[in-house]
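All remarks here apply to the structure that follows.
Please treat every number below as a calculation from the coordinates, not as lab data. Fair warning: this is a prediction, and the values are worked out from it, not measured in the lab. Note: ideal-geometry Cβ built from the backbone for every residue, glycine included; neighbour counts use all protein chains shown.
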Amino acid sequence: MLELYQFELSHYCEKIRLILDYKGLPYRKIEVTPGMGQLDLYRMSGQRQVPVLKDGTEVIADSTAIALYLDKKYPELPIIPTEPKQRALCLLMEEWADESIGMNARKAMLGAFSQNPAFRTALLPASTPDFLKSIVESVPREALDMLGIGAGFGPDAVKSARTAMQQNLEALCTLLAESSYLLGDQPTLADFAVAGLTMYVKFPSGDYLDLPAALKGQGVPGLADHPDYGLFWAWRDRLYATYRKLPSFRVDRIRHLVVQLRSTSSRAVQ
């Protein structure tokens, strides 16, 4: 079985999970522990970043390289057009999604976390004591801004990222106004890249990801909830509903419950 070395909340990993689900390829998720786990990843793949895909003896790093590998090795339900111009547009759009949407979405979401205490506490485990949640909520925005500046995510960087994401979402709405997908009537790598990499702007609803319940369907105010971008978010919701699969442990749990209910019903009839 394919093995995906990942961070659950990585939008680049989500791009690959969407592709794997679309192609119907079974895979096992291996959550990489930050720090020590990344050293193990380096020994295996030559770099510390996720995603990394292991297919037998093949080890492929980088989301673009993984997508190209999957389409060549598993050509059923292709994601890269064969017609030269469409192929070129697909690869250009995927690169744009990686660089513009991927980078700016992260900055915009971090800016939302610094401004909104509810976002900060939503990331904490449900078992976190109330007094710790209060501490996290009470951290002054100014202190978070100073930390952000040191990491390259200060207020100016966040403002620039929001502006870039507004332009990106406007362009995507225009492209999708009269088309089912970004390049026509069939989904391509461009669609899955855009859908996955906008995860930080608005987390998907439902049980696709192991997310705190308070974060599902939530996102960056002014981007995730602005009516001008509703067409794009509705499109992404449909793409998820059509192609993204529920994690296997949840499917197994549902099946188990169905079996239990049937068994209970049978005993009740007897």
Study note, to complete from the structure: A correct Stokes-Einstein calculation for region 174-255, using the alpha-carbon Kirkwood radius, 10 °C and 1.306 mPa s, returns a whole-number D in µm² s⁻¹ of 115 µm²/s
Revision key, fill the gap. For region 2-73, the Cα-Cα pair-distance distribution in 10 Å bins from 0, as whole percents, is 21, 61, 17, 1
Practice item. Please report the relative contact order for region 2-73, taking Cα pairs under 8 Å with a sequence separation of at least 6, and give it as a percent rounded to a whole number. Key: 36 percent
Practice item. Starting with the fewest neighbours, write out T188, T198 ranked by other beta-carbon atoms found within 10 Å of each beta-carbon. Key: T188, T198
Check your understanding: Mind listing the phi-derived Karplus ³J(HN,Hα) values for region 27-34, rounded to whole Hz, using 6.51, -1.76 and 1.60 with θ = phi - 60°, and x for any glycine or proline?
Key -> 8, 10, 7, 10, 6, 8, 7, x
Check your understanding: Can you sort I101, I30 so the residue with the fewest Cβ neighbours within 10 Å comes first?
Key -> I30, I101
**Study point:** Estimated vicinal HN-Hα couplings, Hz - region 83-92 in sequence order (Karplus 6.51, -1.76, 1.60; Gly, Pro = x)
**Key:** 5, x, 5, 5, 4, 4, 5, 4, 5, 5
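Beta carbons within 10 angstrom, averaged per residue: use that to sort the peptides 224-235, 8-19, highest first. If you can, show how the numbers build up before the last one.
Details: 224-235: 15.8, 8-19: 22.8.
Per-residue mean Cβ counts within 10 Å order the peptides as 8-19, 224-235.
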Revision key, fill the gap. Final fewest-first order of K85, K73, K23 on the 10 Å Cβ neighbour count is K85, K73, K23
